[in-house]
Amino acid sequence: MSGSPVNPDSTDRGGWSKTGMIILALLALPLNYQYGLAASTAGAPTLQTLFSRLASRNETQVRFVETKTLGVLSQPIRLEGVLEFHAPSYLAKHVEQPAEEHYVIEGQHVTVSKPAEPSSVQLNLSDYPPLAAFAEGLRAPLAGDLAALRRYWTPSLGGSWKHWRLVLTPIRPELAALVRQVQLEGQEDRLTRMTLEETGGDRSTLDFVRGP
C-alpha cells in the first residue's frame, strides 16, 4: 500500500478525520488493563501517584467501543476495534466495525490506511501543531513527566482509587480552538473511559473493554 502526504490544514482527505487523529494522539496516555500492582491504593490518588501507576507497562492491547455524537447527524456513530501501544512511541487504533481503518502514530509520523482505498495517508506531526501538542503533551506520562503535560494542559484530578476522574483543559491556543476538555476515568490502575468534548459541540466517548 503506497503512502501519500497530506496537507495538515485539510479537514478531510480520503475519509480520515481530525477527530480520529486527535483521539489517537490522546490515547498516548498508557492503558494499564491489569490490577494487582504493588502500590497501595489507600487514600485519594494524586497526579504523581496516578501517572506513576499508569506508566508502569511498556506495552498493552485493549478493545474499545467508541461512540461519536456529531451535530450534523441525528444518530450517534458506534465504532469497535483494538488499541495497541508499544513503548516508547508506537500507538495504533485499529477500527474493525463498521468499516476497517487503521490509525498509527510512530514517533513523529502518522499513517492512516483503509483497505477499501488504494493508498494510505501520511502526516508528519511537526507540520500539524495541534496534533503535535496532543502527542507530545500526552506522551509525557509515559516518562512520568507531569511538568511536560502541564505545558499543554491544566490537569484536575478527583475521586478515589475506586473511581477517579482526570479532567484536562487545554492551555495552548491551537488546542483550545479544537477541544473544550478531555475527561479520563478509571478504576485502580486502569483507564476505563475517555471522553473528548470539542468546541463545536461534538463528542467522542471511548469505553475500554476487558478481554475474556
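Relative to the current alpha-carbon distance between R78 and Q97, full extension at 0.36 nm per residue lengthens the span by 6.0 nm. Label positions at T205 and H163, each projected 7 Å from the Cα along the C-beta direction, are separated by 1.3 nm.
Residue order for H86, H102, fewest other beta carbons within 10 angstrom first, comes to H86, H102.
Every number in this text was worked out from the coordinates using simple rules, so none of it is lab data. Model, not experiment: these values are computed from the prediction. Positions of Cβ are backbone-derived with ideal geometry, glycine not excepted, and every protein chain shown enters the neighbour counts.
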